[in-house]
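Q: One structure follows; several queries about it will come next.
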Amino acid sequence: MSGGELTLGAVLARLEEREGEIISQAEAAREQIAQLTTQLGELDRAAEEVRITRKTLLELPDPQPSAALAPKLPDHPAYQQIMAVFTAARHPLRARQVCEAMDLTVAPNNINNIRLKLKRLTDRGILTETEQGLFTQPRP
């Protein structure tokens, strides 16, 4: 035998080594397959939950439109007078203009009292303040 020839023992050892590498790679592939199978199962379950949720939501009856409750006007007669002024007005008004329309004396106390009432009506959704100090009825 010359130095370039392989002995039967060397060939068998090399085959055994190669077999070990292949077995190791196969185990790694099996582990990846197991992980991917688990991940695939989780994704399938999540997709099924989404399908069930969608189906359930589609089977729900359409909600009936609730009758929007009109905001309640305070009982004080001044509020009825203010609303009468806004019903007659064709444009937004300031507190001073409301005082004038109600035939109140244009004095700081009266203007401030009307402004407070206008703010209360705005807070209740009966009026809107289009810009600071300018009030109007909301348009549908």
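Each reported figure results from applying straightforward, stated rules to the coordinates on display, with no laboratory input. Just so it is clear, the model here is predicted, and its values are computed rather than measured. Note that each Cβ is placed from the backbone with ideal geometry, even for glycine, and that neighbours are counted across all protein chains shown.
Q: Taking the Cα centre of each part, how many Å lie between the range 104-127 and the range 10-42?
A: If you average the Cα positions of each part, the centres end up 83 Å apart.
Q: With runs of 4+ DSSP H residues as the only contributors, calculate the mean residue ellipticity of the chain at 222 nm using -39,500 (n - 2.57) per run, divided by the residue total and rounded to the nearest 500.
A: -21500 deg cm²/dmol
Q: Then there's this: When Cα Rg over 2.2 N^0.38 Å is calculated directly from the model, which label among (1) 1.22; (2) 2.90; (3) 1.07 fits?
A: (2)
Q: Determine, at each q value in 0.17, 0.19, 0.22, 0.28 (inverse angstroms), the log₁₀ of I(q)/I(0) that the Debye formula gives when each Cα of the range 8-62 is one equal point scatterer.
A: -0.71, -0.76, -0.84, -0.97
Q: So what is the orientation-averaged projected area of the range 77-136, using the convex hull of its C-alpha atoms, in nm²?
A: 3.6 nm²
Q: Would you be so kind as to identify which of LEU93, GLY20, THR7 lies farthest towards the positive end of the dipole of the chain, taking Lys and Arg as +1 and Asp and Glu as -1 on Cβ and the Cα centre as origin?
A: Final value for the positive-end residue is LEU93.
Q: Mind checking the dipole of the range 8-62: about its Cα centre, +1 per Lys or Arg Cβ, -1 per Asp or Glu Cβ, Debye to the nearest 20?
A: With only Lys, Arg, Asp and Glu charged at Cβ, the dipole is about 120 debye.
Q: Any idea what the dipole of the range 77-136 comes to, in debye rounded to 20, about its Cα centre with Lys/Arg Cβ at +1 and Asp/Glu Cβ at -1?
A: Taking the Cα centre of the range 77-136 as origin, the dipole is about 100 debye.
Q: Here is a further query. So between LEU57 and LEU116, what do we pick up on full extension, going 0.36 nm a residue minus the alpha carbon distance?
A: 16.6 nm
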